[in-house]
Structures are given as structure tokens and as C-alpha cells.
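The values are calculated or read from the model by the stated rules, or taken from the named source; none is laboratory data. Here the structure is a predicted model, which is why all the values come from computation and not from measurement. Backbone-built Cβ (ideal geometry, glycine too); neighbour counts: all protein chains shown.
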Amino acid sequence: MKTNKIMDEIRSTISPEMKLQMDLSVAIANRIYSILEAKGMSQKEFACLMGKTETEVSRWLSGTHNLTMATICKISAALGEDIIRVTNNVYEPVSEVESLYAAEP
């Protein structure tokens with residue numbers, strides 16, 4: 001997960017639930033960004049594909065936007081890739097969950 005010093009300071013003052021939400025939001029954004037990179041797709045092309053503005057897509061990829069399940073499903077369908085996967089009744093960002101919680105006690 002990509003982080004910075006300011007975000008780390010903020011994270012140290014929030015509840016475990018809010019921390020989890022932030023972690024998942026960033027992991028989902030990173031997953032979308034990775035798919036776009038792998039497909040050689042720009043944010044502008046992705047915005048056009050989704051029928052959204054580049055500004056909205058930029059908010060999605062910042063990791064601070066609270067995406068709805070409907071939007072996540074639309075993104076998955078448009079990109080032809082899983083964004084999250086449910087296993088054992090736990091939501092998992094596809095490629096980052098293990099690294100997210102590997103450092104947790």
C-alpha cells in the first residue's frame with residue numbers, strides 16, 4: 001500500500017474501523033490503477049469508458065473517495081477484471097489484502 005508521512009500521522013489518530021475503511025479504499029484505488037497500467041489505459045480513456053469526467057476518476061484513484069458497490073461492479077465489468085473478491089465472507093481487494101494486514105499485530 002502506498003502511504004506518506006502525513007497520512008500515517010492521521011491514521012494513528014483514528015478508530016480501527018475508519019483505519020480499515022481507509023486501507024480498503026486505498027487498496028481498491030491501487031488495484032484499479034494497476035489494472036489501468038497493465039492495460040496501457042490512461043485515466044482519460046478510463047473516464048470515457050465509464051462515462052465519467054477525468055476529475056471524478058481522479059478522485060476514485062486518490063483512495064479517498066468512498067466507492068459504492070454499484071460503482072465497483074461497474075468498474076470491474078468495464079475493465080474485465082475483479083476489483084474485489086469475496087472469500088469466506090470477507091471482502092478482499094484482489095491483490096493487496098495480504099500486504100495490508102501482514103504488518104498488523
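Of note:
- Within segment 26-50, the set of residues being among the polar types (S, T, N, Q) and in contact with a helix residue (DSSP H, G or I) (Cβ under 9 Å, 6 or more places away or on another chain) comprises Asn30, Ser42, Gln43.
- Of all residues in segment 33-59, those being among the charged types (D, E, K, R) and farther than 16 Å from Gly80 by Cβ number 5.
- Taking residues in segment 29-42 that are hydrophobic (A, V, I, L, M, F, W, C), and partners anywhere that are modelled with pLDDT under 95 and surrounded by fewer than 14 Cβ atoms within 10 Å (Cβ to Cβ), the pairs with Cβ atoms closer than 7 Å and at least 6 places apart or on different chains are Ala29/Ser62.
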